[in-house]
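In what follows, a single structure is set out as structure tokens and then discussed.
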Amino acid sequence: MILALAPLHVELEIIKVMLEETERKRFEKLGIKVGSKITILDSTNGNLIIFTETGRVALDKSIATKILVR
């Protein structure tokens, strides 16, 4: 499922990141990469605040729809 539709407060695993190479490398430094465990802390109109291994990260809806989780 895409990250934008995932439930709150549930640990999720990233299975695919469909971003350009430069964006993907930037997000990897923030802990958003294939195999990482994340939790959605808050969601407002598709914009998310997630908890990663490096801390909290805010994502807008356009990015959240390009990350697949299970």
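The values are calculated or read from the model by the stated rules, or taken from the named source; none is laboratory data. Just so it is clear, the model here is predicted, and its values are computed rather than measured. When we count neighbours, we look across all protein chains shown, and the Cβ atoms used for this are built from the backbone with ideal geometry, even at glycine. Heads up: the accessible areas ignore ligands, DNA and RNA and are worked out on the full protein's heavy atoms, side chains in. Shrake-Rupley method; radii C 1.70, N 1.55, O 1.52, S 1.80 Å.
Out of the range 46-70, which residues are of a type in the set (Ser, Thr, Tyr) and touching a residue at least 60 places away in the same chain (Cβ under 8 Å)?
Thr65
Considering every residue within the range 9-27, establish whether at least one is on the phi > 0 side of the Ramachandran plot and either among the charged types (D, E, K, R) or open to solvent by less than 50 Å² (accessible area, probe 1.4 Å) (or both).
no
Report, by residue number, each residue of the range 29-41 that is surrounded by 14 or more Cβ atoms within 10 Å (Cβ to Cβ), free of Cβ contacts under 8 Å to residues at least 24 places away in the same chain and either in contact with an Asp or Glu (Cβ under 8 Å, 6 or more places away or on another chain) or assigned to a strand (DSSP E or B) (or both).
Selection gives Ser36 alone.
Given the criteria surrounded by 15 or more Cβ atoms within 10 Å (Cβ to Cβ) and at pLDDT 95 or above, does Ile63 qualify?
Yes; evaluated as a whole, the condition is true for this residue.
Sort out which residues of the range 42-54 are closer than 11 Å to Ile32 by Cα and open to solvent by 20 Å² or more (accessible area, probe 1.4 Å), and write them in order of number.
Of everything in the range 42-54, those that are closer than 11 Å to Ile32 by Cα and open to solvent by 20 Å² or more (accessible area, probe 1.4 Å) turn out to be Phe51, Glu53, Thr54.
Exactly one condition in (1) farther than 17 Å from Pro7 by Cα; (2) in contact with a Ser or Thr (Cβ under 7 Å, 6 or more places away or on another chain); (3) among the aliphatic types (A, V, I, L, M) is false for Met18; which is it?
The single condition Met18 does not satisfy is (2).
So which residues in the range 6-28 are free of Cβ contacts under 8 Å to residues at least 60 places away in the same chain, of a type in the set (A, V, I, L, M, F, W, C) and closer than 20 Å to Arg56 by Cβ, if there are any at all?
Within the range 6-28, Leu8, Val10, Leu12, Ile14, Val17, Leu19, Phe27 meet the criteria.
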